[in-house]
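These notes concern the structure reproduced below.
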Amino acid sequence: MKRRLKIKKNVIPSIFTLVNLFFGFMAIITAAQGEFQKAAWLIIAAALFDALDGKLARLFGVPSRFGMEFDSIADMVSFCTAPAILV
């Protein structure tokens, strides 16, 4: 019988925040390589995941102080640093 991977509900919003952070870092790297259009799309992808992480936390009833701080850090990378490098 196959074992299923169980993911706790309180981890799911943080995974979305982590993906947001990943897209932000990738946008920075891509912009530094001169691929500005691709970097812009990565920032848009980060925005989609950013929009969902808080909603999921509230939906699952698991908002946390850590999640709020982690989201703020991810937002700084994805929506402050990455766009600044694009300019």
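Derivation of every value follows stated rules applied to the coordinates shown; laboratory data play no part. Predicted, not measured: the structure shown is a model, and the values here were computed from it. Cβ coordinates were reconstructed from backbone atoms using ideal geometry, including for glycine residues, and neighbour counts include every protein chain displayed.
The sole residue among 46, 51 that is small (Gly, Ala, Ser) and surrounded by 19 or more Cβ atoms within 10 Å (Cβ to Cβ) is 46. Here residue 30 clears all of (1) over 19 Å from residue 87 (Cα atoms); (2) over 14 Å from the mean Cα position of the chain (by Cα) except the condition numbered (1). Criterion applied to 69, 35 was being within 22 Å of residue 8 (Cα to Cα) and either surrounded by fewer than 19 Cβ atoms within 10 Å (Cβ to Cβ) or of a type in the set (Ser, Thr, Tyr) (or both), and the one residue passing it is 69. Among the residues of segment 3-46, the ones that are part of a loop (DSSP other than H, G, I, E, B) and either under 17 Å from residue 64 (Cβ atoms) or in contact with a Ser or Thr (Cβ under 7 Å, 6 or more places away or on another chain) (or both) come to 5 in all. Considering every residue within segment 52-70, establish whether at least one is over 14 Å from the mean Cα position of the chain (by Cα), part of a helix (DSSP H, G or I) and among the basic types (Lys, Arg). Checking segment 52-70: at least one residue is over 14 Å from the mean Cα position of the chain (by Cα), part of a helix (DSSP H, G or I) and among the basic types (Lys, Arg).
Against the test of being touching a residue at least 40 places away in the same chain (Cβ under 8 Å) and touching a Gly at 6+ places or on another chain (Cβ under 9 Å), the options 24, 54 yield a single qualifying residue, 54.
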